[in-house]
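No lab work stands behind these numbers, since they all come straight from the coordinates. If you're wondering where the values come from, they're calculated on a predicted model, not measured in any experiment. Cβ placement follows ideal geometry from the backbone for every residue including glycine, while neighbour counts extend to all protein chains displayed.
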Amino acid sequence: MPNNIDAPPPRALYISREVAVQIAKQADAHPNEEVCGLLAGNTQNITQVFPIANDAPVKSSSFQMNAAELLRVLKQIDLSENDIIATYHSHPNGKLIVSKQDITALGQNWPHVCHVVVGRQAGALLMKAWTIQNQDISSVPILVDKRKVRFDDPQRLSKAQQVAIILAAVITIMILIALAVTLLPPPPDLTNPFR
Ligand SMILES: [Zn+2]
């Protein structure tokens, strides 16, 4: 089933854990280079990963899918009756925001699919998905194994961190109140009304 390039890109990406693991392994094999490829399946489930060699002259900060491999993969996806749902590539610096170059190249060539940017951080796979249409860039949620297991929010705090921050704020407020009380002038002496 060929992609309908007039259709809007998906609003959420459903990735299986196996797919996420395969992308992580590919990124780990080239930690200092951008790795890239295509993700295929249907809008409810991405089941196939197709790694494609990066042909960019400067692989540490850009990617360009090898043309021959890309053609071969496109044929394979077509034969499997799956759709291309997303492109993916890694950012060795761990930043999950699409670069200016990404916006130009992906927006021109792949406006009808999503774009997953991945990074590795302390063993975790970070992922963020984007759509790029007419210079309009939006992020798209990623679900792994249809659960709200989110890999795409590196700023997310753990429960313990959230509790620590709230506690710190409460303690600060208590100290401020204590200071305010001690700084108040002494209460007027009301025992002598004729003073
Ligand atoms: Zn990029």
Scattering profile of segment 4-109 from the Debye formula, Cα beads only, expressed as log10 I(q)/I(0) at q = 0.24 Å⁻¹, is -1.59
Explain nothing, just the number: dipole magnitude of segment 13-144 about its Cα centre with +1 on each Lys and Arg Cβ and -1 on each Asp and Glu Cβ, in debye rounded to the nearest 20.
280
